[in-house]
1. If we keep just the residues of segment B:204-222 that are over 19 Å from the mean Cα position of the chain (by Cα) and under 23 Å from A:R179 (Cβ atoms), which is surrounded by the fewest Cβ atoms within 10 Å (Cβ to Cβ)?
2. What is the residue count in segment A:169-223 for residues that are aliphatic (A, V, I, L, M), open to solvent by 10 Å² or more (accessible area, probe 1.4 Å) and within 8 Å of chain B (Cβ to nearest Cβ)?
3. Of these, A:A7, A:A67, A:A80, A:A14, which one is among the small types (G, A, S) and at pLDDT below 90?
4. Looking at (1) in contact with a Phe, Trp or Tyr (Cβ under 6 Å, 6 or more places away or on another chain); (2) of a type in the set (A, V, I, L, M, F, W, C); (3) modelled with pLDDT under 70, which one does A:W104 not meet, given that it meets all the others?
5. Among the numbered criteria (1) under 23 Å from A:D238 (Cβ atoms); (2) at pLDDT 95 or above; (3) buried (at least 16 other Cβ atoms within 10 Å of the Cβ), which single criterion is violated by B:E225?
6. Among helices (runs of 4 or more DSSP H) lying entirely in segment B:174-260, which contain 1 or more residues that are farther than 16 Å from B:A157 by Cα and free of Cβ contacts under 8 Å to residues at least 12 places away in the same chain?
7. Exactly one of these conditions fails for A:S247: (1) hydroxyl-bearing (S, T, Y); (2) within 11 Å of another protein chain (Cβ to nearest Cβ); (3) touching a residue at least 24 places away in the same chain (Cβ under 8 Å). Give me its number.
8. Which of the residues that make up segment A:17-51 are at pLDDT 90 or above and of a type in the set (A, V, I, L, M, F, W, C)?
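The values are calculated or read from the model by the stated rules, or taken from the named source; none is laboratory data. Keep in mind it's a predicted model, so treat the numbers as computed, not measured. Neighbour counts are summed over all protein chains in view; Cβ atoms, including those assigned to glycine, are modelled from backbone coordinates with ideal geometry. Please note that ligands, DNA and RNA were not included when accessible areas were found on the heavy atoms of the full protein model with its side chains. Shrake-Rupley method; radii C 1.70, N 1.55, O 1.52, S 1.80 Å.
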Amino acid sequence: MFGILLANIDSLDAEENGRYREVYCGICHSLKERYGQVSRVCVNYDMVLVALLRESLFEHGEEVSHARCLAHPAKQHHYAQSPDVDYAADMSVLFAYHKCLDDWNDDKRKAAKVYSSALGRAYRRVKAQYPEQCALAEQELAAIRSIEGKLKRSYQDQEPDQEHCRDAAMAQADEIAKRFGLITSIVFSADGGWWQGDLAEFGAEIGRFVYFMDALLDIQEDKESGSFNPFNLCETPDEDAELLLKSIMGRALDRFERLPLERDLNLMRSILYAGVWQRLRAQRQERDSERSA
Amino acid sequence: MAASPYQILGVSENATPDEIKKAYRKKARENHPDLNPNDPSAAERMNQINDAYDRLMNPQKYASRDHASSQGGYSQGASGYQGTAGTGYQGSGGYQSTGGYQWQTGSWGAGSSRGSSQGSSQGGSQQGYAGPYGWSSDFGFNFDDLFGMGFGSTTAAPEPSASDSAEVRQAISYINAGRHAEAARILNAIPSYGRDARWHYLAALANHGAGNEMLALDQIRRACEMEPNNMTYRQAAQSMRQPATSYQQQAEQRGFSVGFIDPFTACCGCIALQSCCYPVMCFRPF
């Protein structure tokens, strides 16, 4: 649902590509088996990173099976099964459910309401299994919504002093980013045993990155809707925004590269070093070509 | 007679990080308690292996134990970065809801402040390796630990100057004590006419330590703009940008192309000249 933690396909060989899909399909399969067909809307590539990282670190052991399915009716495809794939599926439900709620709250999109009802049952089961994650996510997302709501109103109402406005916007953005980071931190690190701390720190930075990257990607959309976007309010130059994102990702990778990972290492690196920039790059190219046209 | 971390992992003292990781993997696969269910000492061996790995891959954590007070960037208290002897890595389960960040941690974070010897699967005093799904039910997050400077900080500690007001001096001592959020609060109370380059520099340090990355990077940029010849501010800027620089370098070394602005192809690409070659400066001279 973020559409940010994606692998850079060009930097993968055929085997890695296959592996990437195998885990993605594994998440989809896990959702279907455990929560029913409707839950498959939750499947996304972002959560593949959660599965890959945890499996690589813990090495619980995985099985690979094959099957046909609605998305791949023509031939059998491989899908991975493991406790970490199941966990990634559960976390997909968590994020998708809350995103639907957000969409419903923000835009009153009927589709979002339908999805959130449909996912409600799956979410309740995930919540029963992971009460801390869900409680934390609910709490932090509510806090974030409240901050953004207040900011949206205050910037609409007043003609704020420029400098103060910028600093306040940045401070609030940092707070929102940290709160989101707290959610991802717990998602990555739950039941982490010895590695819980490293995973939590890594997850926290990933969450912050996702928040800021998402904001950067949504600049235009947020301008039109009036939603809080620190890059809009501060008129941040491209290179400053990128410096921020790289700083955060740099910290994430510092933790990542200290972990004893072997399996799927290049695949994960292709996400963290290259894939996370893909959508932004595409957007910039489009923007630049529009400008020069 | 304790074995050295190198001996425990079975690597030479010249081993590269990649070799250490591979060695860890090999040892973990052999000694994993789940694979040795009838062997009660497997958990203890796994702990030793984990500890040895941590000492080799995170040496600064153990150095920091000795130099904690002189490292301005480290957060205080029994954080993940100050190990106590024998228990090795503190990060897992070492969270405390000290409330140092003054946020509403709510019911999930209501765990009381815990000493660093607690936590699920750490060290000798614990119930041993709890397995990969070893339950660690403490989610008392300490924001300073998660988002604070942590290891890798090379930002020099700020020193008070003769012309500093009392509030500024207080802020400086908070920064040096690792109490970044409080320092930021004091600095924020200083009105706009008092916000000179030095204010921006100190606010940047405080916010950086508190994990307010967007604000900190902006503030240090402004400090450098206001006083372009101030080497202290430039060094602080470089230090704060270090993760971004390293990230870029690492990506290139591994053959990935990251972001858009590629300072090292624009500059000379030579790490030795980093002192005169700040990443973002290439595109916006101060």
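1. B:D218
2. Total meeting the criteria: 1.
3. None of the others qualify; the one that does is A:A67.
4. Only one criterion is unmet by A:W104, namely (1).
5. The failed condition is (3).
6. Correct list: B:180-188, B:213-226, B:231-253.
7. It is condition (3) that A:S247 fails.
8. Passing the criteria: A:V23, A:C25, A:I27, A:C28, A:L31, A:M47, A:V48, A:L49, A:V50, A:A51.
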